[in-house]
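First the structure, in the form of structure tokens, and then the observations on it.
What follows draws every value from the coordinates through simple rules; no lab data is involved. Keep in mind that this is a model prediction, so the values were computed, not measured. Neighbour counts run over all protein chains shown; Cβ positions are idealised from the backbone, glycine included.
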Amino acid sequence: MPFDALVLGFDTSAAHCAAALVSGDRVLAQAQEDMAKGQAERLMPLLEEVLAQGGAAWSDLAALGVGIGPGNFTGIRISVAAARGLSLGLGVPAIGVSVFDARAHGLPRPLSVVEDAKRGMVYVQHFGPDSAPALSALEDVVVAEHITGTGAGLLGAVPLAASVPLAVAIARIAALRLGTPQPRPAPLYLRAPDAAPSNDPGPVMLS
Amino acid sequence: MPHPTDDSWTVLGLESSCDDTAAAVLRGTGGGAVILSNIVLGQTELHAAFGGVVPEIAARAHAEKLDLAVEAALESADVTLEQIDAIAVTAGPGLIGGVMAGVMLAKGLAAATGKPMIGVNHLAGHALTPRLTDGVGFPYLMLLVSGGHCQFLQVVGPEDFTRLGGTIDDAPGEAFDKVAKLLGLGQPGGPLVEAEARKGDAKRFSLPRPLLDRPGCDMSFSGLKTAVLRLRDTLVADQGGLHAQDRADICASFQAAMADVLAEKTRRALAQTQAPVLAVAGGVAANQVLRAALEQVAAAAGARFLAPPLKLCTDNAAMIAWAGLERLRMGARDDMSLAARPRWPLDQTASPMLGSGKKGAKA
């Protein structure tokens, strides 16, 4: 895969629509708009704007990088579904990149990425040495020397500033993974759906 | 790409508004269309433990199955994506997580290929199916019973529907599911309650026929469900449990009440519209007792009874591709700002029956 492969990265895993078009080390165009809702309507027009700004067309892309969370369930699905449709239509791979990998991009190790998971919980992954992504109670988190992410403040820590905007990191990581087999992008939820099994066992049946 | 007035559009349809992930390919011909493929990936087993469809579980499955369904539909139709002329997708009403996944996948496909995309009302998909399967002309009367919906529609055109009435609370499908749950029969309730009812005596228990004494075509099934709950609890309190025959008799009595209500309201809708055709969609068409009652009413009114094959009566994407084709032929198109809508009444002028809060009518 050429070093300057054109990759479009995007993310709607939180209250934003973010996109970046990269080619190797160069960021050709990028945009991030904060919004609490409306990402499903805004995402595709935003991607087309970023492409146009970078002087590229859909057919020029070598790959797509898509944020898979963890984060807002619906938001993650908006981007993942769009990425799967684009991938199928363009015949190029869509590569899922977690918020952890994106935030850790270009930061020193050992590093903990901590994301606010609400309800007294955080999503955590440690890098150098690496751990698996996990959902954890706030009080159970033991962080590494460096820390970043939206949940850092919950632990009373000052987060490291990101090395690059989220969508740029997603696009760059996707570019690095190009050429190796990649699964279809799938949301990284880390939290089970809220659903309780039916509690009515039904009547006792008599013989 | 064919000219808009050309008949031979090849349309890819997508459906993900409830618990079926579906994709289909359809080709227009002579004012009608042939179905080239019709793929439905169900999720029944994912929801079985919860006694009903869990929206978040459904949305998760749709997001990771839709593209697989599309690939399967293209392969089964022996058509490449390049040979598709337009993409039609359910844009509502329904469980918003799933609808959104479908709309975003369609947008991705449309942006990547430059093909036109059109958002379809799921209910219009059901309501227009008799034109796909039987070439029925406008107008006709539709009894649409799908998932949480139950309404009578006078179908006047591809975008022209008049609602005559519908349920003001539960839909029949929900009532069947809840009765099955109350009686420990498992899910989905429709076929299980029907099978039990076959062994039972429909006259043993007298259950209410809600709203039967009121004029008009509105229906209510919530009270019927509650009556079944009370009946069950009374029997359990008296006997310490239910005998198999009790359960069969309750099912038969419940189904008879449902049939009486649907038949009488359908009779009124036919009288009011003088429609030449009564078409039904949804699980109601699969229930032999309900179907027989409706056939009888249609015959008495001199109307032709029409129930599309079950595969096209329950949720599917061929009906979405077809409804999309009907709108495409009228010149309709949607752009990349197409919204997924949890609520989207077919008849925009009728007063809301369900969910009439500040967000507007559900359907």
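Each Lys or Arg adds one and each Asp or Glu takes one away; over the other residues whose Cβ falls under 14 Å from the Cβ of B:Val79, this sums to -3.
Computed over neighbours whose Cβ is under 9 Å from that of B:Gly92, the net charge equals +2, Lys and Arg +1, Asp and Glu -1. The phi-based Karplus calculation (6.51 cos²θ - 1.76 cosθ + 1.60; θ = phi - 60°) puts the 3J(HN,Hα) values of the range A:20-25 at 8, 10, 10, 9, x, 7 Hz, whole numbers, x for Gly and Pro. Shielding of peptide A:72-83 by partners, expressed as the average count of other chain Cβ atoms within 10 Å per residue Cβ, is 6. Residue by residue along B:111-123, Cβ atoms of other protein chains within 10 Å of the local Cβ number 3 on average. If you place +1 on the Cβ of every Lys and Arg, -1 on the Cβ of every Asp and Glu, and leave all else neutral, what size is the dipole of the range B:140-310 about its Cα centre, to the nearest 20 Debye? For the range B:140-310, the charge dipole is close to 220 debye.
By the Stokes-Einstein formula, at 0.692 mPa s and 37 °C, chain B with its Kirkwood radius over alpha-carbon pairs has D equal to 157 µm²/s. In terms of its alpha-carbon gyration tensor, the range B:140-310 comes out prolate; a/c meets the 1.5 threshold, and the first ratio a/b outweighs b/c. Mean separation of Cα pairs under 8 Å and 6 or more residues apart, divided by the residue count, gives chain B a relative contact order of 23 percent.
Averaging the Cα positions of each part gives two centres, and for the range B:156-185 and the range A:48-92 these lie 38 Å apart. Ranked for footprinting exposure by Cβ neighbours inside 10 Å, fewest first, B:His122, B:His47, B:His243, B:His149 give B:His243, B:His47, B:His149, B:His122. In sequence order, the range B:70-84 has phi-based couplings of 4, 4, 5, 5, 5, 5, 5, 7, 6, 10, 8, 4, 4, 7, 7 Hz under the Karplus curve 6.51 cos²θ - 1.76 cosθ + 1.60, θ = phi - 60°, and Gly or Pro positions carry x.
First select every other residue whose beta carbon is under 11 angstrom from the beta carbon of B:Asp67; then total the charges, Lys and Arg +1, Asp and Glu -1. Local net charge: +1. Averaged over peptide A:189-196, the number of partner chain Cβ atoms lying within 10 Å of each residue's Cβ comes to 4.
Remark: the range A:102-110, residue by residue, has Karplus-estimated 3J(HN,Hα) of 5, 5, 6, 4, x, 9, x, 10, x Hz, where x stands for each Gly or Pro and the curve is 6.51 cos²θ - 1.76 cosθ + 1.60 at θ = phi - 60°.
Anisotropy class assigned to chain A is oblate, per the alpha carbon gyration tensor with a/c at or over the 1.5 cut-off and a/b no larger than b/c. Basic side chains Lys and Arg get +1 at the Cβ, acidic Asp and Glu get -1 at the Cβ, and with that the dipole of the protein assembly as shown about its Cα centre reaches some 1020 debye. Secondary-structure-derived ellipticity at 222 nm for chain A, considering helices only, amounts to -8000 deg cm²/dmol, per-run term -39500 (n - 2.57) for DSSP H runs with n ≥ 4.
Rounded to the nearest 500, the 222 nm mean residue ellipticity of chain B from helices alone is -14000 deg cm²/dmol, with -39,500 (n - 2.57) taken per DSSP H run of at least 4 residues. Which of rounded, prolate, oblate describes the protein assembly as shown, given a ≥ b ≥ c as roots of the alpha-carbon gyration tensor eigenvalues and a/c under 1.5 marking rounded, otherwise prolate only if a/b is larger than b/c? Cα axes put the protein assembly as shown in the oblate bin.
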